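This report concerns only the one structure given below.
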Amino acid sequence: MKAKINNLLGTYNIVGNNLIHIVSNKKLLITERQNITDKKALNFLLDKTDGKGTYISSIYNVSTISEVSVFKFDYSGLKYKLELNKGINTAYITKL
């Protein structure tokens, strides 16, 4: 079942593989697939706000420079960019 999230945009604190939104109570998890295929990305995003772990989208690595990794993903017909800055433990989700 796919997550029903109204707004993914914003700034998140990185805690391990979790992204915690700095304003709302939203909690996302970046995880890896157990069974890798040619058609699916290695990493994907789950909504862990309610604790269950509802699928959001596969995330595709666009670039990694130093401690900053940039991913793109689609959700509900919109394209997003996820930027992980592990140097300052902060993530940003913006629309493309």
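Bear in mind these aren't lab numbers, they're just calculated from the coordinates by the rules spelled out. Computed from a predicted model, the values in this text were never measured in an experiment. So basically every Cβ, Gly included, is an ideal-geometry build from the backbone, and we count neighbours across all protein chains shown.
Some observations on this one:
- The H on the amide N of S57, modeled in the peptide plane, is under 5 Å from the matching H of L45, each at least 5 residues off or on a different chain.
- Rg/Rg_ref, the chain, where Rg_ref = 2.2 N^0.38 Å and atoms are Cα: 1.01
- Under the combined filter of DSSP loop state and at most 14 neighbouring Cβ atoms within 10 Å, segment 19-95 retains these trypsin sites (Lys or Arg not before Pro): R33, K39, K40, K52, K86.
- Note that segment 44-59 has calculated 3J(HN,Hα) couplings of 8, 10, 10, 8, 10, 4, 8, x, 6, x, 8, 4, 10, 5, 5, 10 Hz, one per residue in order, obtained from phi through the Karplus relation 6.51 cos²θ - 1.76 cosθ + 1.60 (θ = phi - 60°); glycine and proline are x.
- Simple spin-label estimate for K81 and I14 gives 1.6 nm between the two label positions (7 Å along the Cα-to-Cβ direction from each Cα).
- Each Lys or Arg adds one and each Asp or Glu subtracts one; over the other residues with Cβ under 13 Å from the Cβ of S63, this totals 0.
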